[in-house]
Amino acid sequence: MADAAPSTPAWTLAPAQPADRAALAALIDTVLAASAALTRAQQALLRAHAEDHLHGWLDTAQAGGVSCHLLARGPQGEVVGMVLVREHWQLCSLYVAPHWQGRGLGRALVQAAWRASHGRTDRPLLRLVAAPGAEGFYRRLGFRAVRSLQTLPQGFAAMGLPLDGDEPFT
């Protein structure tokens with residue numbers, strides 16, 4: 001008889017701390033290097049974008065700003081995932097270590113970010129810009145195409161998920 005899947009996840013979610021910055025940057029590099037759906041130019045763009053978000057996050061955290069920054073740790077305490085949400089409406093970064101993808105961790109991070117943001121902003125949507133190859137993942141979570149607030153590089157898509165009303169996850 002096959003073993004049943006564990007009822008508790010193999011990761012723990014917690015608020016990211018400034019001391020986690022190096023581990024988060026390393027996670028981003030690992031994920032981008034392993035992403036076959038991205039060109040080198042797209043990887044460089046996303047790396048620069050994520051680096052800006054990490055710096056902005058540190059500034060916001062030190063100034064007591066309003067944001068939601070979570071990380072996931074694996075069984076040995078290693079950082080295996082992260083989500084950064086600015087001002088409780090702009091999902092800026094979601095990264096999951098390649099060997100943790102497909103296990104529900106990305107979904108858990110987005111759900112936790114939605115819950116932390118719900119009711120804490122007057123914005124109607126949790127917005128993001130999906131990287132090439134990620135749009136299907138976000139659609140499965142309930143995100144839909146929305147008008148972009150900026151000009152996007154080719155292959156990227158603006159998406160949103162309602163923050164008002166009941167939790168959209170089933």
#### Entry: the chain, helix-only ellipticity at 222 nm - DSSP H runs n ≥ 4, -39,500 (n - 2.57), divided by all residues, nearest 500
-11000 deg cm²/dmol
### Query
Where does the charge balance sit around Pro9 when Lys and Arg score +1, Asp and Glu -1, over other residues with C-beta under 13 Å from its C-beta?
+3
### Message
Please compute the per residue accessible area over the chain with all protein chains in place, 1.4 Å probe, rounded to a whole number of Å².
### Response
54 Å²
#### Entry: Portion, in percent, of the accessible area of segment 88-127 that falls on carbon or sulfur, probe 1.4 Å
46 percent
### Message
Test of understanding: express the Cα radius of gyration of the chain as a ratio to 2.2 N^0.38 Å, with N the residue count.
### Response
1.01
### Query
Ranked from the most accessible area to the least, with a 1.4 Å probe and all protein chains present, what is the order of Asp20, Asp166, Asp29?
Asp166, Asp29, Asp20
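The values are calculated or read from the model by the stated rules, or taken from the named source; none is laboratory data. A quick note: this is a predicted structure, and the numbers were derived from the prediction, not measured. Don't worry about glycine lacking a Cβ; one is built from the backbone with ideal geometry, like all the others, and counts go over all protein chains shown. Just so you know, the surface numbers come from the protein's heavy atoms only, side chains and all, with ligands and any DNA or RNA stripped out. Shrake-Rupley method; radii C 1.70, N 1.55, O 1.52, S 1.80 Å.
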